[in-house]
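Below is one structure; the comments refer to it alone.
The values are calculated or read from the model by the stated rules, or taken from the named source; none is laboratory data. A quick note: this is a predicted structure, and the numbers were derived from the prediction, not measured. Here the Cβ is made from the backbone with ideal geometry for all residues, glycine too, and neighbour counts use every protein chain on show.
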Amino acid sequence: MTAEVGRTVTHRRYVPYSHAHYAGNLVDGAYSLAAFGDVATEMCILTDGDEGLFASYSDVQFLAPVRAGDVIEISAMLVRVGNRSREMAFEVRVVGRGNPERGESAADVLDPPLIATTARGVVVVPPAG
């Protein structure tokens, strides 16, 4: 296990319609933040053998909507390694989106993906040893 700057963890998931919170099948911004927590947890397990604890978010940017029916890709990249802190850059990209105009279950691959949310975050892990 090694915490090295540049290491990346990526998850993909479908956004279910049961998570739609607003008109137009929008999900709330907290959906992206929860997804960031999931990739940060995996990063800490891989680098430190512990789930870690989130200490802070900074520079959260909601750049495009995330909707029910989307397929999203969530990534965390390690950008700074301290004694117990790990700073990560996060990104949610929409890689697929439902297209009801073409049919009830139609969907399109988005190429390039749509960057929906970005943030920086710091997690802390227990001391080594």
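If you go through region 89-121 and keep only what is buried (at least 17 other Cβ atoms within 10 Å of the Cβ) and modelled with pLDDT under 95, you end up with just Gly98. Each residue in region 73-117 was checked for being among the small types (Gly, Ala, Ser) and not in a strand (DSSP E or B), and 4 of them qualify.
The residue list Val39, Val27, Val9 contains one member that is more than 16 Å from Ala89 (Cα to Cα) and of a type outside the set (D, E, K, R), which is Val27.
Is one or more of the residues making up region 43-64 closer than 15 Å to Ala119 by Cα, modelled with pLDDT of 95 or more, part of a loop (DSSP other than H, G, I, E, B) and over 11 Å from the mean Cα position of the chain (by Cα)? The answer is yes, given that some residue of region 43-64 is closer than 15 Å to Ala119 by Cα, modelled with pLDDT of 95 or more, part of a loop (DSSP other than H, G, I, E, B) and over 11 Å from the mean Cα position of the chain (by Cα). Residue count for region 1-20 under the criterion of being of a type outside the set (Ser, Thr, Tyr) and within 17 Å of Thr47 (Cα to Cα): the result is 8.
Does region 15-22 contain at least one residue that is touching a Phe, Trp or Tyr at 6+ places or on another chain (Cβ under 9 Å) and surrounded by fewer than 14 Cβ atoms within 10 Å (Cβ to Cβ)? Yes: region 15-22 contains one or more residues that are touching a Phe, Trp or Tyr at 6+ places or on another chain (Cβ under 9 Å) and surrounded by fewer than 14 Cβ atoms within 10 Å (Cβ to Cβ). Restricting attention to region 29-45 and to residues that are closer than 13 Å to Glu87 by Cα and in contact (Cβ under 8 Å) with a residue 40 or more places away in the chain, the residue that is surrounded by the fewest Cβ atoms within 10 Å (Cβ to Cβ) turns out to be Val39. Screening Asn83 on (1) among the polar types (S, T, N, Q); (2) loosely packed, with under 15 Cβ neighbours inside 10 Å; (3) under 30 Å from Ser105 (Cα atoms) shows it passes everything except condition (3). For region 1-36, the candidate set comprises residues that are in contact with a strand residue (DSSP E or B) (Cβ under 6 Å, 6 or more places away or on another chain) and small (Gly, Ala, Ser); within that set, the residue that is farthest from Thr118 (Cα to Cα) is Ala3.
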